[in-house]
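Remarks on the structure that follows.
Every number here is computed from the coordinates shown, using simple stated rules; none is lab data. This one's a predicted model, so the numbers in the text were calculated from it and none came from an experiment. Because the Cβ atoms are built from the backbone with ideal geometry, glycine has one as well, and the counts that use them run over all protein chains shown.
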Amino acid sequence: MAFEAGITPGLTKTPPQTRGMNHTPEIPAPGGHYGTAERGELVISARLSEVSRASHWLRAFAERLELPESHCLRLALLLDEALSNTIQHGFDDDGQHPVTVRIIAEPGAVHLEIEDAGRSFNPLEAPPPADLLNLEEAEIGGLGIHFIRHYSDECRYERAGGRNHLRLTIFVSSPAV
């Protein structure tokens, strides 16, 4: 796998296909108007208690855009897993480390970005979880990166300026009318 300019080639799934000729993206601007790009940014402290605040912020943003519930749930899961991993494993102390969360909604896609100055870690290079033989042998935890890979349509990671930049994308489109 080749790396260029510090960017790890992302994992990409095929965008959802639409039927028919009339395709309208499911990313409406406030008031339900379709096709307008929107963005938001939130800076939190690297504390697990802040994950809830970020989740509420994300939910409010998604509701303002009138995103379907299925997209809201995927985004919430992606945010929770990415932030939890960053906070639990990214820093060596309990200091007030800022973590920036961005959401960018544009026609056809919603991007969730997490940026932090924690230790360098590329989740796209992490090995997949071991196969589970039975529930009795299952351990709690260890599936966050698997969930991120599974529930995002595209994952990109870059280490630049001493910061981790993770971008998770879900493709959205409305069914043909």
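Among Leu42, Leu78, which comes first, then next, by fewest other beta-carbon atoms within 10 Å?
Leu42, Leu78
The amide H of Val172, built 1.01 Å from its N in the peptide plane, has Gly108, Ala109, Val110 as neighbours under 5 Å, considering only residues 5 or more places off or on other chains. Amide H contacts for Ala46 (H built 1.01 Å from N in the peptide plane; partners 5 or more residues away or on another chain; cut-off under 5 Å): His97, Val99.
Calculate, in nm to one decimal, what Arg59 and Asp92 gain on full extension: separation in residues at 0.36 nm each, minus their alpha carbon distance.
8.9 nm is the gain from fully extending Arg59 to Asp92.
Label positions at Ser84 and Glu69, each projected 7 Å from the Cα along the C-beta direction, are separated by 2.2 nm.
Each residue of segment 56-68 was assigned a 3J(HN,Hα) from its phi angle through the Karplus expression (A = 6.51, B = -1.76, C = 1.60, θ = phi - 60°), giving 5, 4, 4, 4, 4, 4, 5, 5, 4, 7, 6, 5, x Hz with x at Gly and Pro. Couplings 3J(HN,Hα) for segment 77-92, derived from phi with the Karplus relation 6.51 cos²θ - 1.76 cosθ + 1.60 (θ = phi - 60°), are 5, 4, 5, 4, 5, 5, 5, 4, 5, 4, 5, 6, 10, x, 10, 8 Hz, where x marks Gly and Pro. In order along segment 98-111, the phi-based Karplus estimate (6.51 cos²θ - 1.76 cosθ + 1.60, θ = phi - 60°) of 3J(HN,Hα) comes to x, 10, 9, 10, 10, 10, 10, 10, 9, x, x, 7, 10, 10 Hz; Gly and Pro are listed as x. Ordered by the count of other Cβ atoms within 10 Å of each Cβ, fewest first, Val110, Val172 give Val172, Val110.
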